[in-house]
Amino acid sequence: MCRVTAPSSRERRAGDACPGVSRPFVAADGSIVRLRPAGRTVPVDALSRLMDVVAVQPDPAIQLTSRGALQLRGLPDPLTPRIREAIRATGLVPSASHELVRNVVASPLSGLDGAGHCDLRPVTRALDTALCADPVLAHLGGRFLFVLDDGRGDVVGESFDLGVFATGPGRCVVLVGGTDRGWEVPLAAAVPRLVALAQEFVERAGGDESVWHVSELAMPLGTEPTAGLDLPPPPERPRGAVGDHAVVAVPLGLLRPDHVATLARVTDRVLVTPWRSLVVENAAPALPELEAAGLVTHVDSPWTRLHACAGLPGCARSALDTRALARDLAPVLPRGHLPVHVSGCERRCGTPATAYVDVLTPRSTEEALSTIAEQESPWT
């Protein structure tokens, strides 16, 4: 049957291990580093520099995460000073003390396509600046998430700690832990309110690194709520042309050298979405070139619903090379309604937060196809 990701448990004893340049996580294939754009655009030159860092690997790639971050893996353990400096030289780590807490997901097309109630890009920049400027907020955990939704409902459905949902020109609801607890405020007051709530979280957590989210506090955060939201269904995630702009998905979320080289010919910056895709401004005419490089430009591509955990050789727990199997599966993947996730072990890392087809340690492409057909049938 189809699975749904279970809520996180509070039965833990240690702080999170989310990686950064200052605190890599060590896996079977070496050090992992994560860079957080905080909902802001990323210079393609920075992507090229990151690709240089991993260029010596057998299969060099930059991984896009479900929080719109960039991840490098297979780096030396310990991380060498030369590599640390090369990563910092990209400009993607504006604050060494706050790099782990810049977890911001914003409506990727805000201000570009005319949807939503407002352009949230100035709010996104202001929030990032405010986070980095406050010494107290350096103590937020690496899993604490801010979401900024311009009113279209595309990111507010994510599991988040603090959020903003635009309700009209110059108006929004500031949210805590979900859409049923919030306060209506002027949009100009959103960032100060978010910062105050984040400061309160740090104080209430009291240095307990096992408290990752606002839902794990003994008492609700903030004053008595005055507003909640009744959200419409989330919009479809576009692919291809959106007005003058382009949205392209990245197969398995792995940005490769030919992808970056093509992007460099088309644009000077991109925005990383939480759905392992990129928004490329004013690039609709370049869609054929982007597609030729292996980026996904059509909603009916199998790569829009095919996912995989890291697998071998990067994860010692995995029973198979999940990405190789996914690449074999893509050309023969039948049409369906649900995401398909290939997992190499029972932990099922990286699974969607919604219902999905659970392909666990298949021994062959044929076995994976049989599993998909069995689990998809109730939904067809």
Going by the conditions given, is Ala138 modelled with pLDDT of 95 or more and closer than 23 Å to Glu209 by Cβ? yes
Of the numbered conditions (1) touching an Asp or Glu at 6+ places or on another chain (Cβ under 7 Å); (2) assigned to a helix (DSSP H, G or I), Val173 satisfies every one except a single condition; which is it? (2)
Candidates Ser110, Ser97, filtered to the one that is polar (S, T, N, Q), part of a loop (DSSP other than H, G, I, E, B) and closer than 21 Å to Cys18 by Cβ: Ser97
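To keep it simple, each residue is scored yes or no on (1) within 18 Å of Arg40 (Cα to Cα); (2) touching a helix residue (DSSP H, G or I) at 6+ places or on another chain (Cβ under 6 Å).
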site: Gly178; (1), (2): no, no
site: Asp230; (1), (2): no, no
site: Pro251; (1), (2): no, yes
site: Asp258; (1), (2): no, no
site: Ser277; (1), (2): yes, no
Inside segment 148-170, can you point out the residues that are in contact with a strand residue (DSSP E or B) (Cβ under 9 Å, 6 or more places away or on another chain), in a loop (DSSP other than H, G, I, E, B) and farther than 23 Å from Pro352 by Cα? Gly170
Quick one: which of Ser364, Ser377, Ser277, Ser301 is small (Gly, Ala, Ser) and buried (at least 21 other Cβ atoms within 10 Å of the Cβ)? Ser277
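State the number of residues belonging to segment 314-355 that are aliphatic (A, V, I, L, M), part of a loop (DSSP other than H, G, I, E, B) and in contact with a Pro (Cβ under 9 Å, 6 or more places away or on another chain).
Matching residues across segment 314-355 total 4.
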Can you name every residue in segment 279-297 that is outside any loop (DSSP other than H, G, I, E, B), in contact with a helix residue (DSSP H, G or I) (Cβ under 9 Å, 6 or more places away or on another chain) and of a type in the set (Val, Ile, Thr)? Val280, Val296
Return the pair list, or none, for Cβ contacts closer than 7 Å from residues in segment 64-86 that are over 24 Å from Ser277 (Cα atoms) to residues that are of a type in the set (Lys, Arg), at least 6 apart or on different chains. Ala86/Arg49
Candidates Leu131, Leu175, Leu109, Leu145 - the one that is over 30 Å from Glu209 (Cα atoms), in contact with a Lys or Arg (Cβ under 9 Å, 6 or more places away or on another chain) and either β-branched (Val, Ile, Thr) or modelled with pLDDT of 95 or more (or both): Leu109
Counting only residues that are surrounded by 15 or more Cβ atoms within 10 Å (Cβ to Cβ) and over 15 Å from Gly153 (Cα atoms), how many does segment 111-141 have? 17
Within the set of pairs 6+ apart or on separate chains, which have a first residue in segment 128-152 that is at positive phi, a second that is of a type in the set (Gly, Ala, Ser), and C-beta atoms under 6 Å apart? Gly151/Gly116; Gly151/Ala166
Please verify whether segment 123-134 includes one or more residues that are among the hydrophobic types (A, V, I, L, M, F, W, C), in contact with a strand residue (DSSP E or B) (Cβ under 7 Å, 6 or more places away or on another chain) and outside any helix (DSSP H, G or I). no
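In segment 282-294, which residue that is of a type outside the set (Gly, Ala, Ser) and either assigned by TED's automatic domain parsing to the domain that holds Arg347 or surrounded by fewer than 18 Cβ atoms within 10 Å (Cβ to Cβ) (or both) is nearest to Val359 (Cα to Cα)?
That would be Glu291.
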Testing Leu79 on (1) surrounded by fewer than 18 Cβ atoms within 10 Å (Cβ to Cβ); (2) over 26 Å from Val266 (Cβ atoms); (3) among the aliphatic types (A, V, I, L, M), one condition comes back false. Which one is that? (1)
Pick from segment 33-80 the residues that are part of a loop (DSSP other than H, G, I, E, B), among the β-branched types (Val, Ile, Thr) and over 14 Å from the mean Cα position of the chain (by Cα): which of them is farthest from Ala261 (Cα to Cα)? Thr80
Say we look at segment 190-216 and pick out the residues that are surrounded by fewer than 17 Cβ atoms within 10 Å (Cβ to Cβ) and in a loop (DSSP other than H, G, I, E, B); which of these is farthest from the chain's Cα centre (by Cα)? Gly206
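The values are calculated or read from the model by the stated rules, or taken from the named source; none is laboratory data. Only a predicted model underlies this, so the values are computations on that prediction, with no experimental measurement involved. All Cβ positions, glycine included, derive from the backbone under ideal geometry; neighbour counts span all protein chains shown.
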